[in-house]
Amino acid sequence: MDNLASLKNMKFNINVMEKDFLKDSPVIIAGPCSVEGYKVYRDVALKVKEAGANALRGGAFKPRTSPFEFQGLAFEGLKIIKEVKEEVGLPVVSELLDPRDVEMAVGSIDIIQIGSRNMYNYSLLKEAAKTNLPIMIKRGMAASLKEWLYAAMYIIEGGNRSVMLCERGIRTFENSTRNTLDLNSVALISHKYKIPVIVDPSHGTGNRDLVYNMSLASIFAGASGLMIETHTDPNASISDKEQTISIEKLKSIINKVNSLK
Ligand code: PEP
Ligand code: MN
């Protein structure tokens with residue numbers, strides 16, 4: 001990883017709403033898979049805030065494997081995110097799929113999420129780097145560590161030092177879980193580099209019953225935070241309900257994580 005050596009000493013300051021986002025790490029980002037509508041999103045936001053989450057998640061642009069599945073509320077979703085975040089006072093992490101949408105989204109979201117399917121989308125990475133928003137790059141589902149770190153280098157080379165990684169599981173021969181959550185990568189990156197790594201145990205397992213244990217395992221592996229799909233009524237989630245946890249479960253994870261700080 002020779003030309004990644006500069007990453008070893010590089011410091012990362014993730015500034016969100018004029019505060020150091022990772023000051024009190026591990027941080028918790030929680031919320032639904034998709035923004036489903038104003039009322040539900042506001043309700044989830046208020047409840048995850050009360051549970052102690054540091055930020056809200058929720059996709060307006062959804063990269064679905066099947067074109068027949070819910071594709072997200074797109075610009076209407078961004079409008080909802082802006083309204084809810086101003087009302088509730090939590091920063092929002094949301095995925096952008098298209099370089100043409102980046103400029104437009106800047107005023108509505110606080111952290112740009114680059115999804116697993118777009119880790120190799122260099123036009124999107126370059127466009128996202130031009131903003132002054134922090135960027136969280138999810139690991140490509142078949143990406144090596146080196147490829148993932150190079151994606152982060154695209155942001156840094158583009159002039160934006162506010163970058164985090166997000167481990168979300170990789171594809172392996174194992175099919176009893178949706179993905180194989182690679183905590184080796186988290187241990188290795190946090191041992192070797194200073195770039196923060198968030199873990200997404202929701203997509204990493206695809207199974208809500210495994211999220212609590214894998215959240216704790218992620219913290220022990222060295223994660224700077226967790227991103228967890230959470231809903232006030234998990235079974236009513238429009239997308240990814242199998243891996244979405246309840247507010248109660250989120251509270252138990254947050255309490256446990258806080259007890260380890
Ligand atoms: C998500 O977090 O909303 C998502 C689509 O995840 P991934 O890109 O990891 O599949
Ligand atoms: Mn999802």
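For the chain, the longest piece that avoids every one of the GluC sites (Glu not before Pro) found in DSSP loops with at most 15 other C-beta atoms within 10 Å covers 70-173.
Let's test the formula: R0 of 51 Å, r as the Cβ-Cβ distance of K146 and K39. What FRET efficiency results, to the nearest 0.05? Efficiency, from the Cβ-Cβ distance: 0.70. Shown here for segment 128-216: chymotrypsin sites (Phe, Trp or Tyr not before Pro) in loop regions (DSSP other than H, G, I, E, B) with at most 16 other Cβ atoms within 10 Å, namely F173.
Inter-label distance, N258 to F68: 4.5 nm, where each label sits 7 Å from its Cα along the C-beta direction. Relative to one another, the C-alpha centroids of segment 31-83 and segment 150-183 are positioned 21 Å apart. Measuring nothing but protein heavy atoms, the accessible surface of the chain at 1.4 Å probe radius is 49 percent carbon and sulfur.
Result for the chain in a Gaussian network model with C-alpha springs under 10 Å: among A129, A152, A143, the largest mean-square fluctuation is at A143. Rounded, prolate or oblate: which fits the chain, taking a ≥ b ≥ c as square roots of the Cα gyration tensor eigenvalues, rounded meaning a/c under 1.5, else prolate when a/b beats b/c? Rounded.
When only the heavy atoms of the protein chains count and the probe is 1.4 Å, how do F70, F61 rank by accessible area, highest first? Before the final figure, lay out the partial values.
Numbers: F70 60, F61 20 Å².
I get F70, F61, largest accessible area first.
Taking R0 as 35 Å, what's the FRET efficiency between L188 and D24 from their Cβ-Cβ distance, rounded to 0.05? It would help to have the intermediate numbers written out before the result.
Numbers: r = 24 Å, r/R0 = 0.69.
Computed FRET efficiency for L188 and D24: 0.90.
Per residue, segment 13-88 exposes an accessible area of 48 Å² to a 1.4 Å probe, with every protein chain left in place. A straight chain from E157 to F220 at 0.36 nm per residue would run longer than the Cα-Cα distance by 19.6 nm. Would you mind classifying segment 1-120 by shape? Square roots of the alpha carbon gyration tensor eigenvalues, ordered a ≥ b ≥ c; an a/c under 1.5 is rounded, otherwise it is prolate if a/b is larger than b/c and oblate if not. Taking the square roots of the gyration eigenvalues as a ≥ b ≥ c, segment 1-120 is oblate.
The values are calculated or read from the model by the stated rules, or taken from the named source; none is laboratory data. Keep in mind it's a predicted model, so treat the numbers as computed, not measured. FYI the Cβ positions are ideal-geometry reconstructions off the backbone, even for glycines, and counts take in every protein chain you see. Only protein heavy atoms, including side chains, enter the accessible area calculation; ligands, DNA and RNA are left aside. Shrake-Rupley method; radii C 1.70, N 1.55, O 1.52, S 1.80 Å.
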